[in-house]
1. So, of the residues in region 183-206 that are part of a helix (DSSP H, G or I) and touching a helix residue (DSSP H, G or I) at 6+ places or on another chain (Cβ under 8 Å), which turns out to be farthest from the ligand (Cβ to nearest atom)?
2. So residue 285 fits all but one of (1) touching a residue at least 60 places away in the same chain (Cβ under 8 Å); (2) in a loop (DSSP other than H, G, I, E, B); (3) more than 26 Å from residue 5 (Cβ to Cβ); what number is the exception?
3. How many residues, within region 145-190, are at positive phi and at pLDDT 95 or above?
4. Filter region 100-150 down to the residues that are buried (at least 21 other Cβ atoms within 10 Å of the Cβ) and without any contact (Cβ under 8 Å) to a residue 40 or more places away in the chain and list them by number.
5. So which residues in region 326-345 are loosely packed, with under 15 Cβ neighbours inside 10 Å and at pLDDT below 95?
6. Check region 314-321 and report whether any residue there is assigned to a loop (DSSP other than H, G, I, E, B), in the same structural domain as residue 269 (by TED's automatic domain parsing), more than 16 Å from residue 270 (Cβ to Cβ) and under 21 Å from the mean Cα position of the chain (by Cα).
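The values are calculated or read from the model by the stated rules, or taken from the named source; none is laboratory data. Please read all numbers here as calculations on a predicted model, not as lab measurements. Heads up, the Cβs are rebuilt from the backbone with ideal geometry, glycines too, and the neighbour counts pull from every protein chain shown.
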Ligand SMILES: Cc1ncc(COP(=O)(O)O)c(C=O)c1O
């Protein structure tokens, strides 16, 4: 019997090979025409004005931060429960990381704590749309707009998820997505930044290409600002395009997975499935749960070949970002109580039945 995995990409090998062959025959594996087509398709899917491909979700956040020119004294606010990439991008861009507690009801940044942590040095806030949930985005935008603080949405887990029928990533000054293998579509590694601002867009294009402006010959070109190599490749684009062709099917499947859990997991004081506002288009990339005896449940399921994923540790408990628990009471209360259930696009109904039966059985004891 095979493991039921937390996540597994679905790739149409034939289609990818067809696109890839074309690219290889053109002898241009670097960022080029196929990447342009991928960007165009993303622009259409998300209804974003400008799209910039990059090497990862982490570098997407980094690129957004660099394009607003963050400096050493600038503070950038990040929720205490996120994948460390969010915090690492801030450090990599050279800004000061400020952590804020989360809201235990939705695992998103806590609005009251956010208001308290904003200072005259706050340059940007990076709300994280955990598991695809982004219901607090308008409130954050409202607070930040008043204070002229930039909002960079970490929408790594929210490609295709909406808030009130508008795609997440389009609310802030920037929206950053990841195409790592556990996402709704994957390009192996890779990411994009979307923005509504032409100025931001043009600046990001230069930064991601070693600060180059204008003509690209690879030789005596004009490099006008500090830059990096954050270029995408046509080979990655081929992988991405093939998956975008089945994007609506993927969205449907993720909703079905979550709905099955919602319907079949028995409510219990020790266990709660977090909610998504699916009616308004919020997309559950991964179904997340609050559960007592989490580690025992994880082991119990693993022994029976069901592989869940434990939630990230709060950043303030990790060595690089160590801070007292005093300011992170909600994060601390949730320690060792959060987990993701298998949410793979390849999940079968019979697998989900097994998962639900096992969990219901575990908590009925
Ligand atoms: C919330 C969050 N932010 C950022 C990232 C970083 O994306 P990447 O792995 O593509 O660099 C991830 C990746 O999974 C993520 O989940």
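1. Checking each candidate, the answer is 203.
2. (3)
3. Number of matching residues: 5.
4. Result: 100, 108, 109, 114, 129, 137, 140, 144.
5. Passing the criteria: only 326.
6. For region 314-321, residues assigned to a loop (DSSP other than H, G, I, E, B), in the same structural domain as residue 269 (by TED's automatic domain parsing), more than 16 Å from residue 270 (Cβ to Cβ) and under 21 Å from the mean Cα position of the chain (by Cα): present.
Rundown of residues vs (1) out of contact with any helix residue (DSSP H, G or I) (no Cβ under 7 Å at 6 or more places or on another chain); (2) within 15 Å of residue 7 (Cβ to Cβ), yes/no style:
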residue: 308; (1), (2): no, yes
residue: 311; (1), (2): yes, yes
residue: 314; (1), (2): no, no
residue: 317; (1), (2): yes, no
residue: 320; (1), (2): yes, no
residue: 328; (1), (2): no, no
residue: 334; (1), (2): yes, no
residue: 343; (1), (2): no, yes
residue: 350; (1), (2): yes, no
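Matching residues to (1) farther than 14 Å from residue 230 by Cβ; (2) at pLDDT below 95:
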position: 25; (1), (2): yes, yes
position: 47; (1), (2): yes, no
position: 52; (1), (2): no, no
position: 58; (1), (2): no, no
position: 63; (1), (2): no, no
position: 68; (1), (2): yes, no
position: 73; (1), (2): yes, no
